[in-house]
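Novice: My questions all concern the structure below.
Please treat every number below as a calculation from the coordinates, not as lab data. Note that the structure is predicted; figures quoted are calculated from it, not measured. Every residue, glycine among them, receives a Cβ derived from its backbone with ideal geometry; neighbour counts consider all protein chains shown.
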Amino acid sequence: MLIVYVLLFALTMLIHELGHLAAARICRVPAPELGLGWGPKLFETKAPGFTFKLHLLPVGAYVRLDMRELQTRQLGQQVFVLLAGVLVNLAAALATQGTWFSLMNYLLAATNLLPLYQQDGWKCGMVMLRALLERRSALVEWTFTIAGGVVSCTAVASLAFKYF
């Protein structure tokens with residue numbers, strides 16, 4: 001049964017990243033690589049416009065976006081690309097309501113919205129802060145990163161204490 005959950009979670013992560021990839025394509029942002037897992041590479045294949053890589057440990061997934069190109073896009077397009085994975089997970093969760101797959105999609109969407117370092121919520125926050133300030137500010141970005149981490153950990157801990 002554990003292998004089924006691992007495969008469902010890997011599928012959840014893969015469709016999340018496919019959401020980012022589709023949004024990048026719509027906004028004409030190059031995304032040369034899509035990967036599933038961490039660690040040593042097991043498999044690699046070329047697809048139209050990107051390379052897919054499968055790694056040994058089915059924990060994590062990624063799309064390598066051309067960030068310089070993404071940053072030249074309007075704020076709405078940047079946020080769309082960064083939140084597309086969450087939107088796809090929410091759609092998958094709604095379409096499979098009442099299943100473990102639905103729950104995994106809801107959880108992945110929720111955790112990606114947190115302003116934790118390198119999560120989609122953090123990336124969107126950074127994009128919006130930079131647009132609001134019309135520049136980069138190391139002090140503001142570090143403050144957002146640390147405060148986002150503290151708030152996220154506090155929220156998760158309070159939920160854990162409430163339900164467990």
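Novice: From the mean inverse distance of alpha carbon pairs (Kirkwood) and the Cα radius of gyration, derive Rg over Rh for the chain.
Specialist: In the chain, Rg relative to Rh is 0.99.
Novice: Whose amide H sits under 5 Å from the amide H of Ala61, counting only residues 5 or more places off or on another chain, with H placed in the peptide plane?
Specialist: Counting only residues 5 or more places away or on other chains, the set is Gly37.
Novice: Rank-order 8-15, 157-164 by packing density, defined as the average count of other C-beta atoms within 10 Å over each peptide's residues, highest first.
Specialist: Highest to lowest by the protection proxy: 8-15, 157-164.
Novice: With θ taken as phi - 60° and the coefficients 6.51, -1.76 and 1.60, list the Karplus ³J(HN,Hα) couplings across the stretch 144-161 in order, rounded to whole Hz; mark glycine and proline as x.
Specialist: 4, 5, 5, 4, x, x, 5, 4, 5, 5, 5, 5, 5, 5, 5, 5, 5, 5
Novice: Could you run the Karplus curve 6.51 cos²θ - 1.76 cosθ + 1.60 with θ = phi - 60° over the stretch 63-74 and give me ³J(HN,Hα) per residue in whole Hz, x for Gly and Pro?
Specialist: With the stated coefficients, the stretch 63-74 comes to 10, 8, 8, 7, 5, 4, 5, 4, 5, 8, 7, 4 Hz.
Novice: Also, I was wondering about something else. For a quick check: with amide H placed at 1.01 Å from N, whose amide H comes under 5 Å from Glu33's, ignoring anything fewer than 5 positions away on the same chain?
Specialist: Under 5 Å from the amide H of Glu33 lie the amide H atoms of Thr51, Arg64, each far enough along the sequence or on another chain.
Novice: Quick one: which of 57-63, 39-45, 81-87 comes out on top by average Cβ neighbours within 10 Å, and what's the full order, highest first? Working shown, then result.
Specialist: Details: 57-63: 17.3, 39-45: 10.3, 81-87: 22.9.
Per-residue mean Cβ counts within 10 Å order the peptides as 81-87, 57-63, 39-45.
Novice: Here's a follow-up. Cα-based Rg of the stretch 114-164 per 2.2 N^0.38 Å, rounded to two decimals?
Specialist: 1.30
Novice: For a quick check of your reading of the filter: which trypsin sites (Lys or Arg not before Pro) in the stretch 49-91 sit in a DSSP loop and have no more than 14 other Cβ atoms within 10 Å?
Specialist: none
Novice: Could you run the Karplus curve 6.51 cos²θ - 1.76 cosθ + 1.60 with θ = phi - 60° over the stretch 32-39 and give me ³J(HN,Hα) per residue in whole Hz, x for Gly and Pro?
Specialist: Listing the rounded values in order: x, 8, 10, x, 10, x, 10, x Hz.
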